[in-house]
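Participant: Sharing a structure here in structure tokens format.
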Amino acid sequence: MRGFLCSLAVSAVVLLSAACGDDTTTDAGDAADAGDVPGDVPGDVEDAETETETDADAGDVPPEVPPRICREPVVLGRGPYFYQATIDAAFDRDHLYVLGNVLATADLDGDGYPDLLVHRGAAGVRDAPETDPPQAWQKRVLLNRPGPGGRTFVDATVASEYGRTRDGASLGRAASFAVIADVDNDGDNDVFSATMISDDTGVSDPGDRSEILLNDGAGRFALAEPSAISPAPTEHWPAHAAVFLDADRDGRLDLFVGFQYRRYGYPDLALQDRLYRGAGDGTFVDVTDAAGLTTHVGTYEEGTNHRPTDGTTACDIDDDGDDDLVVAVYGRQLNQLWENLGDGTFREIGAEVGYASDGRDDYTDNEMYRCWCQDNPGSCDAGTPAPRISCTSGGWQPGVDDRPYRLGGNTFSTICFDADNDGDMDLFNAEIRHWWAGSSSDPSELLEQVAAPTTRGWTLFRPGNETNGLARDWRAVDWNEGDLTVAYVDFDNDGWKDVYLGSSDYPDDRGFLFRRRPEGGYEEIGRRAGVAHPGANAQTWADFDRDGDLDLVVGSSTMRSCCGWTEPEVHYYRNDVGQDGNWVQFVLEGDPAAGANRSAIGAKVTVTAGGLTQVQEVAGGYGHYGLQNDLVLHFGLGAACDIDSVEVRWPDAAGTVQRWEDLRGNYRIRLRQGSPYAWYE
């Protein structure tokens, strides 16, 4: 069944469409002539202009509108709200035996259901032979399939050839994580498969490097032609994050890759992050210098130094039509926010807008500092308290550890989202923070975009966790906040974005679900909801069973053996409440002929329903180790059953805007750039 819109006006900048009425229908023959079959995933389109003309030719013969579906808003009971469905998903030891702690979600085989890529995240490790048990493999390709009681997963690791080596000799290529998008604009999802090679002790160099894998549309992959994204054999570059974006809005996806220390813990061995411009065929060229992203060795006081990057995010934070780069930095160094100047070049504004750090620079409650004071009598204020830790030499370096560039956070992931439904993008940082570091170490927190009397008219404001329900009561004095990953998700479909923090394997750490209250602020309900997963260092969200709500797949950290996991088990938590509410999902298709990438990465979608307006952007990965949620955008609608309007600003050079009105809720809807119709699935 399909919805429809009649085109009212078309220009190079704005495309407007208005509803034609529910009482206009078409027979099956007319629907076929319109060029789309309900429920089908479109195949490759060699000439995008031809497809757009076919949709436009449907003209005054709109497709049929589906029945109206209306539900009451979800009222949360005592819980749990999620069901631990790991066995149903076949992840358990008796079935697929899935192990891993790096997760990515996308539809890999074109059947309309999200699939999974699972990595172990190890550096420089080639895979076990294909004849070994699958639980020994470093990476898995899992396809979402019908099962006896719902959806389940099947292993397609070997059949997908995802691990094919450059010499073609085996499927054992070393791979640490992946981000996913349609890099060649042929209608299927391709993969950037990152290989992390460092100079750390115990890390071998198998000769493999990061690669682009092109999809044949059925989930089988082939290595793209070699290009700049693969470091030279002599280079050891530990990729820790990557994100697809169209930096110059030319309709071809680019790739930004963040690198950590070449050798862990040596600040001067941090590496240059790199921007690669896509040619549209799976090959890329390095444009880092030309884009103004060059940093340097050492230059800490100037703020132009290489930094150990742990997470990368791309979003249009200043709402000017192009994606900016948000870089999460480790080692208490300052985060970076690279403003896109509109032509694919960038300027760093992290400190200027409040993203670099929280600005709390008082280090006198750092226990390492107090140790130094104890060992150097007369060098500190007379009232400096005695340290509460056993002191060792070298824990504090005067002239370094007391400088602003070393008083930030250990930021692992940043999400970019409209937290308060006010139309602009806010940020949320996931940080690792230790009790002994004191108040100068940045916590995980929300950064709200607010108006400010500056040249750009806005800044990022940190209201503080104690003011908005995001504070956590750590039970032990020697607590550790181990937040590695973060996601926004409207799990109960009330129209407000909740936040899930994946906190690693320190004692008392787990998955934390912060439910956004419509009146403002958050409440932590992870245990009540049933998703307080111990050592939840990896996460990905998607509507895996297509029932209208977002489900969670989570990985388990075992580094410190704090949480009961002896292996990095992957678990599936099925959402069992959201499907009872109202929702809508959008599959966006950009038109390469009009200058947008086919995946529509960078598109801004504004949905107004029931008096509430929400904004989301399509993202090509983000965060630590290439977190990736489904490219399908999910909106909870609260009490609204119908959508007043949806507006898409497509990621092309013109910033083309297209608008649809009077759409049905509780459906997945495909929106194609240039087409006046909304195709219900």
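The values are calculated or read from the model by the stated rules, or taken from the named source; none is laboratory data. Small disclaimer: the values here were computed from a predicted structure and weren't measured. Reconstructed Cβ throughout: ideal geometry from the backbone, glycine too, with neighbour counts over all protein chains shown. The protein model used for the area step is the full one, side chains on, heavy atoms only, and it has no ligands, DNA or RNA in it. Shrake-Rupley method; radii C 1.70, N 1.55, O 1.52, S 1.80 Å.
Quick grid of which residues meet (1) more than 20 Å from Arg120 (Cα to Cα); (2) without any contact (Cβ under 8 Å) to a residue 12 or more places away in the chain; (3) of a type in the set (A, V, I, L, M, F, W, C); (4) not in a strand (DSSP E or B):
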{"position": "Gly219", "(1), (2), (3), (4)": "yes, no, no, yes"}
{"position": "Pro226", "(1), (2), (3), (4)": "yes, no, no, yes"}
{"position": "Ala247", "(1), (2), (3), (4)": "yes, no, yes, yes"}
{"position": "Leu255", "(1), (2), (3), (4)": "yes, no, yes, no"}
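Participant: In the stretch 228-245, which residues are open to solvent by 20 Å² or more (accessible area, probe 1.4 Å) and assigned to a strand (DSSP E or B)?
Facilitator: Scanning the stretch 228-245 gives a single hit, His240.
Participant: If the requirement is being open to solvent by less than 20 Å² (accessible area, probe 1.4 Å) and part of a loop (DSSP other than H, G, I, E, B), which of these qualifies: Asp401, Asp381, Asp420?
Facilitator: Asp401
Participant: Need a quick list: strands (runs of 3 or more DSSP E) entirely within the stretch 36-127 having at least 3 residues that are out of contact with any Asp or Glu (no Cβ under 9 Å at 6 or more places or on another chain) and at pLDDT 90 or above.
Facilitator: 102-106, 115-119
Participant: Does Asp483 qualify as being open to solvent by less than 20 Å² (accessible area, probe 1.4 Å) and assigned to a loop (DSSP other than H, G, I, E, B)?
Facilitator: The answer is no for Asp483.
Participant: Same structure, new question: Name the residues in the stretch 554-572 that are touching a Gly at 6+ places or on another chain (Cβ under 6 Å), hydrophobic (A, V, I, L, M, F, W, C) and more than 10 Å from Asp505 (Cα to Cα), would you?
Facilitator: Val570
Participant: Taking the criterion of being closer than 24 Å to Gly311 by Cα, in contact with a Leu (Cβ under 8 Å, 6 or more places away or on another chain) and among the aromatic types (Phe, Trp, Tyr), would at least one residue in the stretch 455-469 satisfy it?
Facilitator: Yes: the stretch 455-469 contains one or more residues that are closer than 24 Å to Gly311 by Cα, in contact with a Leu (Cβ under 8 Å, 6 or more places away or on another chain) and among the aromatic types (Phe, Trp, Tyr).
Participant: In the stretch 155-206, which residues are acidic (Asp, Glu), farther than 21 Å from Trp237 by Cβ and not in a strand (DSSP E or B)?
Facilitator: Residues satisfying the conditions are Glu161, Asp182, Asp184, Asp186, Asp188.
Participant: Taking into account only those residues within the stretch 501-519 that are more than 15 Å from Thr485 (Cα to Cα) and modelled with pLDDT of 95 or more, which is least open to solvent (accessible area, probe 1.4 Å)?
Facilitator: Taking the candidates together, the pick is Arg516.
Participant: Restricting attention to the stretch 404-417, which residues are within 30 Å of Cys373 (Cβ to Cβ) and in a strand (DSSP E or B)?
Facilitator: Selection gives Asn410, Thr411.
Participant: Another question, then. Among the residues of the stretch 541-570, how many are open to solvent by 20 Å² or more (accessible area, probe 1.4 Å), within 17 Å of Leu501 (Cβ to Cβ) and in contact (Cβ under 8 Å) with a residue 60 or more places away in the chain?
Facilitator: Going through the stretch 541-570, the residues open to solvent by 20 Å² or more (accessible area, probe 1.4 Å) turn out to be 545-547, 550, 558-567, 569.
If we keep only those that are within 17 Å of Leu501 (Cβ to Cβ) as well, we get 550, 562-563.
Remaining after also requiring in contact (Cβ under 8 Å) with a residue 60 or more places away in the chain: 550.
Of the residues in the stretch 541-570, 1 are open to solvent by 20 Å² or more (accessible area, probe 1.4 Å), within 17 Å of Leu501 (Cβ to Cβ) and in contact (Cβ under 8 Å) with a residue 60 or more places away in the chain.
For every residue, the table says whether it meets (1) in contact (Cβ under 8 Å) with a residue 60 or more places away in the chain; (2) surrounded by fewer than 24 Cβ atoms within 10 Å (Cβ to Cβ).
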{"position": "Asp576", "(1), (2)": "yes, yes"}
{"position": "Asn582", "(1), (2)": "yes, no"}
{"position": "Ala600", "(1), (2)": "yes, no"}
{"position": "Val605", "(1), (2)": "no, yes"}
{"position": "Gly611", "(1), (2)": "no, yes"}
{"position": "Gly621", "(1), (2)": "yes, no"}
{"position": "Gln628", "(1), (2)": "yes, no"}
{"position": "Asp644", "(1), (2)": "no, yes"}
{"position": "Ala653", "(1), (2)": "yes, yes"}
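Participant: Could you check the stretch 603-620 and list, in sequence order, the residues that are in contact with a Ser or Thr (Cβ under 8 Å, 6 or more places away or on another chain) and not in a strand (DSSP E or B)?
Facilitator: Once the filter is applied, which keeps residues that are in contact with a Ser or Thr (Cβ under 8 Å, 6 or more places away or on another chain) and not in a strand (DSSP E or B), the stretch 603-620 yields Val618, Ala619.
Participant: Moving to a separate point now. For Val400, indicate whether it is free of Cβ contacts under 8 Å to residues at least 24 places away in the same chain, out of contact with any Asp or Glu (no Cβ under 7 Å at 6 or more places or on another chain) and within 30 Å of Thr294 (Cβ to Cβ).
Facilitator: yes
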